[in-house]
Amino acid sequence: MADFDQFGTSEEENAEIKKLTLEVEADTDNFESWEKLIRACEAQEGGLNRNSSPQALATLRDIYDRFLLKFPLLFGYWKKYADLEFNISGPESAEMIYERGCASITNCVDLWTSYCSFKMETTHTPHLVRELFERAATCVGLDFLAHLFWDKYIEYEERQEAQDKIFAILQRVIHIPMHQYARYFERFRQLAHARPIKELVPADTLTRLRAEVEAESAAYGTAPRAELEVERDIRAKIDTMFYETFQKTQEETTKRWTYESEIKRPYFHVTELENSQLANWRKYLDFEEAEHDFARIAFLYERCIVTCALYDEFWFRYARWMSAQPGKEEEVRHIYMRAATIFVPISRPGIRLQFAYFEESCGRVGVARDIHEVVLAQLPDCVEAIVSWANLERRQSGLDAAIQVYKAQIDAPPIDIFTKAVLVTRWAFLLWKIKGSVEEARTVFSKNVQWYADSRHFWEKWLEFELEQPTGAEVESEHAERIKHIFDELLAKSRISSAAKKELFLTYLTYLQERGGAEAMKQFLVVDREIYGPTSLSKLDEAAVKENGVSKTPLDDATRAKAESRYPAYFEYYTEADSGAQGTASFQ
């Protein structure tokens, strides 16, 4: 950040800008805070101009640069920034801002049109202006609302009195489905009547049409006709061809009109889009993909991800579509990079992990590792990213490397105990499912129960692990003892809520019913009495009161009736005070 304490800005302005800067840094996603900060910087010294202090100008530029790095798709601010630079430093500085803006939002009709208009007014070398217009045509010429740009291009050539170039522009435009296609066609036809016939169509087409006219004359047995008559008939055929082009453009425009008319916000903003808008983009992309025109499909995707930049589903879709096109590896990489580094919030890491899978598939394993590290640097407790990284190491370096990832993350201080519990269960399942070592997996559970006894997930996964072990007559009693041991440990060591314990014990009762031996019903009735019986018999109450001082009161009649109908004979419901806060057991 610029140093606000230098000369040129009042103490009050310094204090306000510092305060607003701290607000922005506290929450960089808060668009309103950014707007206030920009307005405060622009208002320094009564409004900035070329005579303002260097410090005030440096502060303004710094804020604009940071803001547009955060929100590069806000074309209006690029234009404002360019206008400020023009007033402060002249056309060269403004052109640099336009270049940065157009590189950040390549398919913005408004920004490119503003840039071209600026170039028209500040550059007197036609070929440089035309080069810029051609760059813009490549980026925005296919837009349904590109008439603003094409009008500006034609306006420039009118100033140059270059009728041939105007006609060439119109020859391109009449093939593009867009909002105002008809008026371009009408002007094209007017100019076509005054242009030499050789300019209207390619030479081979002209030769073919001339042969057709001459053949038609010969068929009627007429004498050789004058060149003017032949040219008139050729022009008539060319005009018919042009009308067919118009009809095709009209048809293509009509097909897209349904989707275009539903687009209410064709630009980027930080506010959410309505579901109907998202649905319209999905349908529009479906339509364009069915047309099988690569240029138009890619252009529509680029339009879509401007409006829907914060929605990762469209980045996923764009990358998947592009990856299906032959020889487009770099284009796919660029899509992932833009999504991961600029637009999709880190709170939704899925697109970044997909980027890592893509790089791994391309043999760039080091890059895939780096992506995982970057995600975890910002989201240290992201289970999805940790598991993804462990699986990457398992695929590339073996099981031990995957386990090392889990161990390293479990030992990392920022990660909370419940996230660590999930990682421990993943570690155990790797040993069981991948290595095939049941005993090693069991050891992981038994050694870690003392640390993660308060994680319901830990108990569910430990129970799932033991329940899925094969049983037979010779190991039935041993298996039953292991299951019982889990529930003994649950009662003795865990402080999860009584409601959660009751749900877990329901699994035990089902196990005793379906897989227990001849004496299983004795244990069944003990558990039924001690877990679901009255307060005077409840083992849960003893543990809860001993550990937490938890008290219980009956639930309301409606909740009790719902519970008894769903879990007959097993549940007596209570309102629990968990960690000092009273709450109601709920079984949804």
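The values are calculated or read from the model by the stated rules, or taken from the named source; none is laboratory data. This one's a predicted model, so the numbers in the text were calculated from it and none came from an experiment. Virtual Cβ from ideal backbone geometry, glycine too; neighbours counted across all protein chains shown.
Remarks
- Within region 66-113, tally of residues that are charged (D, E, K, R) and under 18 Å from I38 (Cβ atoms): 7
- When every residue of region 433-456 is checked against the conditions, at least one turns out to be acidic (D, E) and surrounded by 14 or more Cβ atoms within 10 Å (Cβ to Cβ).
- Whenever a residue of region 134-149 is free of Cβ contacts under 8 Å to residues at least 40 places away in the same chain and closer than 12 Å to L111 by Cα, its partners that are outside any helix (DSSP H, G or I) and of a type outside the set (K, R), lying with C-beta atoms within less than 6 angstrom and at least six residues away or across chains, give the pairs C139/T106; C139/N107; V140/N107; V140/A146; A146/M178.
- Any hit, region 301-319, residues being among the small types (G, A, S), modelled with pLDDT of 95 or more and either in a loop (DSSP other than H, G, I, E, B) or in contact with a Pro (Cβ under 8 Å, 6 or more places away or on another chain) (or both): no
- In this structure, I154 qualifies as part of a helix (DSSP H, G or I), modelled with pLDDT of 95 or more and surrounded by 15 or more Cβ atoms within 10 Å (Cβ to Cβ).
- Residue that is in a helix (DSSP H, G or I), among the polar types (S, T, N, Q) and closer than 26 Å to R515 by Cβ, where the choices are T425, T419, T471: T425
- Pairs, first closer than 20 Å to E134 by Cβ in region 90-102, second surrounded by 16 or more Cβ atoms within 10 Å (Cβ to Cβ) and modelled with pLDDT under 95, C-beta under 7 Å, six or more apart: G101/F75
- Helices (runs of 4 or more DSSP H) lying entirely in region 324-394 (those with 3 or more residues that are under 24 Å from R426 (Cβ atoms), touching a helix residue (DSSP H, G or I) at 6+ places or on another chain (Cβ under 7 Å) and without any contact (Cβ under 8 Å) to a residue 40 or more places away in the chain): 350-361, 365-378
- Qualifying positions in region 422-458 - in contact with a His (Cβ under 9 Å, 6 or more places away or on another chain) and within 24 Å of E481 (Cα to Cα): T425, S446
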